[in-house]
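Participant: Please read through the structure below; I'll follow up with questions.
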Amino acid sequence: MSYADKIFIENCKDILQNGFWDTSLQVRPKWEDGSPAHTVKRFGIVNRYDLSREFPILTLRQTFYKKAIDEILWIWQKKSNNTRDLNSKIWEQWADSDGSIGKAYGYQLGVKHSYPEGEFDQVDRLLYELKHNPASRRILTNIYVHSDLQYMNLYPCAYSLTLNVSGNTLNGILNQRSQDMLVANNWNVCQYSALLMMFAQVNALRVGELVHVIADAHIYDRHIPMVEELLESPTYDAPAVSIDNTVKSFYDFTVESFDFSGYEFNRFDKKIPVAE
């Protein structure tokens, strides 16, 4: 069993056994047939993943890590808000006819701001601080910009990343306002683990902990039978994950910079409906 499996199982059992049901409330999300998409949730889940020991990927079911890394590069490296720059269709339901998701995600990371040292967007400011001021307690990004929410096709779920250097080790905190546990939990964990590895490498740092803070960790009503099936499924050890150590610039990383050697997973082929 991978450590990610262990955490996922614990989180889901806690939600199912001790969670709050919102069936008495009016909810925004709907299923494709128009029915309200209700959830059972736990507030304030905090998970810690030591990336120096193991890459946190599920084996209970397959996490399509190449697509996950492609999406994180789309947001953080390309700083794009257009699905035509993305090599998958995961954002199409929130995109307009031109492929745009509005002033969301990559758009916000690419907006330049003025500092005493010059103009930087959020990603380049983070990279500047890691290089020139690694002891800083101000190395963070935030894409939940209230003045632009009306122009976003989807409000950011994972909205803030805080980096902290301890000695020669880089740690990070991912803050997430909302988490669909079945669809997106390990997807996001893999993405930000890979991102932390990239930032560590280009700054000659060791990778340390990813701390994942979830305000509203929920399981949708129609996902419960699938989650219960997964909780009883076979598991495997985590794969050995490596990164191309010849890459020296964050903007030179690609999906192919990562190698997931020996990734085994339980075959789970059910189509998972996504609430909108």
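The values are calculated or read from the model by the stated rules, or taken from the named source; none is laboratory data. If you're wondering where the values come from, they're calculated on a predicted model, not measured in any experiment. Neighbour counts run over all protein chains shown; Cβ positions are idealised from the backbone, glycine included. Side chains are part of the model used for accessible areas, which takes the heavy atoms of the whole protein and leaves out ligands, DNA and RNA. Shrake-Rupley method; radii C 1.70, N 1.55, O 1.52, S 1.80 Å.
Residue by residue, here is whether (1) within 20 Å of residue 161 (Cβ to Cβ); (2) modelled with pLDDT of 95 or more; (3) of a type outside the set (Val, Ile, Thr); (4) touching a Pro at 6+ places or on another chain (Cβ under 6 Å) holds:
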site	(1), (2), (3), (4)
32	no, no, yes, no
42	no, yes, yes, no
49	yes, yes, yes, yes
59	no, yes, no, no
62	no, yes, yes, no
73	yes, yes, yes, no
80	yes, yes, yes, no
114	no, yes, yes, no
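Participant: Could you please let me know if residue 69 is part of a helix (DSSP H, G or I), surrounded by 14 or more Cβ atoms within 10 Å (Cβ to Cβ) and without any contact (Cβ under 8 Å) to a residue 60 or more places away in the chain?
Facilitator: On the way: part of a helix (DSSP H, G or I): yes; surrounded by 14 or more Cβ atoms within 10 Å (Cβ to Cβ): yes; without any contact (Cβ under 8 Å) to a residue 60 or more places away in the chain: no.
Taking the combined requirement at face value, the residue does not satisfy it.
Participant: Of the residues 251, 236, 263, which is in contact (Cβ under 8 Å) with a residue 24 or more places away in the chain, open to solvent by 20 Å² or more (accessible area, probe 1.4 Å), not in a loop (DSSP other than H, G, I, E, B) and not charged (D, E, K, R)?
Facilitator: Result of the check over 251, 236, 263: 251.
Participant: Being over 16 Å from residue 239 (Cβ atoms), among the acidic types (Asp, Glu) and open to solvent by 50 Å² or more (accessible area, probe 1.4 Å): is that true of residue 33 here?
Facilitator: Criteria met by residue 33.
Participant: Output yes when any residue across the range 52-60 is open to solvent by 90 Å² or more (accessible area, probe 1.4 Å), farther than 17 Å from residue 176 by Cβ, outside any strand (DSSP E or B) and in contact (Cβ under 8 Å) with a residue 12 or more places away in the chain, and no when none is.
Facilitator: Yes.
Participant: Would you be able to say whether some residue in the range 104-125 is buried (at least 19 other Cβ atoms within 10 Å of the Cβ) and in a loop (DSSP other than H, G, I, E, B)?
Facilitator: Step one: filter the range 104-125 for residues buried (at least 19 other Cβ atoms within 10 Å of the Cβ), giving 104-109, 122-123, 125.
So of that shortlist, the ones also in a loop (DSSP other than H, G, I, E, B) come out as 104-105.
Yes, the range 104-125 contains a residue that is buried (at least 19 other Cβ atoms within 10 Å of the Cβ) and in a loop (DSSP other than H, G, I, E, B).
Participant: Out of 178, 100, I need the residue that is closer than 29 Å to residue 219 by Cα, modelled with pLDDT of 95 or more and either of a type in the set (D, E, K, R) or in contact with a Cys (Cβ under 8 Å, 6 or more places away or on another chain) (or both). Which one?
Facilitator: The match here is 178.
Participant: I would also like to ask the following. Go through (1) touching a strand residue (DSSP E or B) at 6+ places or on another chain (Cβ under 9 Å); (2) buried (at least 22 other Cβ atoms within 10 Å of the Cβ); (3) under 19 Å from residue 255 (Cα atoms); (4) not hydroxyl-bearing (Ser, Thr, Tyr) for residue 188 and report which single condition fails.
Facilitator: Result: residue 188 passes all but (2).
Participant: Kindly list the number of the only condition in (1) closer than 23 Å to residue 257 by Cα; (2) surrounded by 17 or more Cβ atoms within 10 Å (Cβ to Cβ) that fails for residue 131.
Facilitator: Here residue 131 meets the rest and fails (2).
Participant: Kindly indicate the residue of the range 76-93 that is farther than 13 Å from residue 194 by Cα and assigned to a helix (DSSP H, G or I) and also most open to solvent (accessible area, probe 1.4 Å) among those meeting that condition.
Facilitator: Per the stated criteria, the residue is 84.
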